[in-house]
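Visitor: Dumping the structure here so I can ask a few things about it.
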Amino acid sequence: MIALIRTRTLNTLRTDLTRAETEAQAARVEAEKCLEQSGDMLDHLTHADDVAEGLRADLAQSRLDAARLEGELEALRAQVLLDTEDRQALRTLLRATRKQNQRPERVYVLFRFGKLHSVHATSTAAEIAAEAEGAARDGWTPHTTCCDGTTLPASEVRWRIQPVVLGETR
């Protein structure tokens, strides 16, 4: 069978064919670009998944580290409290030791008729002890002297308080 086509129709068909081929070629180029972009997107997605997985692993490790460090912190806090208590106990012991090591510079010796009666840390304590034994509350003098300035013999003085410097040899 023979078909007759007019030249105008043939030219129109050829123009349409050329246009369709051009559009098909443009569509192919566009499809290749889309495939290339989708490949790039797939690469980016794969990379993003790898990075996310790494971050998840880092997060899990950080949580483990944080839990371990919290445990260590609690242990260190307990140790600090013990150290504080130890330091306080040491300070108390040091104060007690210092008090024991602090010797007075002098003591006050109470004599009764020239014989040693007692030794006291202060002259007031010696006076109180003598008063408890019946000594008069007034009339204390640092050294027993008579009215004319002469020293009475120790055996004639009822109560006498004499300061003695410690470490002195006399």
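Visitor: In the range 142-162, which residues are at pLDDT 60 or above and open to solvent by 50 Å² or more (accessible area, probe 1.4 Å)?
Guide: T151, L152, P153, S155, E156, R158, R160, Q162
Visitor: For the subset of the range 120-138 comprising residues that are open to solvent by less than 60 Å² (accessible area, probe 1.4 Å) and in a loop (DSSP other than H, G, I, E, B), which member is farthest from V164 (Cα to Cα)?
Guide: G134
Visitor: Go through R106, R95, R87, R68 for me and flag whichever is touching a residue at least 12 places away in the same chain (Cβ under 8 Å), basic (K, R) and open to solvent by 70 Å² or more (accessible area, probe 1.4 Å).
Guide: Only one candidate passes the filter, namely R106.
The values are calculated or read from the model by the stated rules, or taken from the named source; none is laboratory data. Owing to the predicted nature of the structure, the values given are computational and were not obtained by experimental measurement. Virtual Cβ from ideal backbone geometry, glycine too; neighbours counted across all protein chains shown. Please note that ligands, DNA and RNA were not included when accessible areas were found on the heavy atoms of the full protein model with its side chains. Shrake-Rupley method; radii C 1.70, N 1.55, O 1.52, S 1.80 Å.
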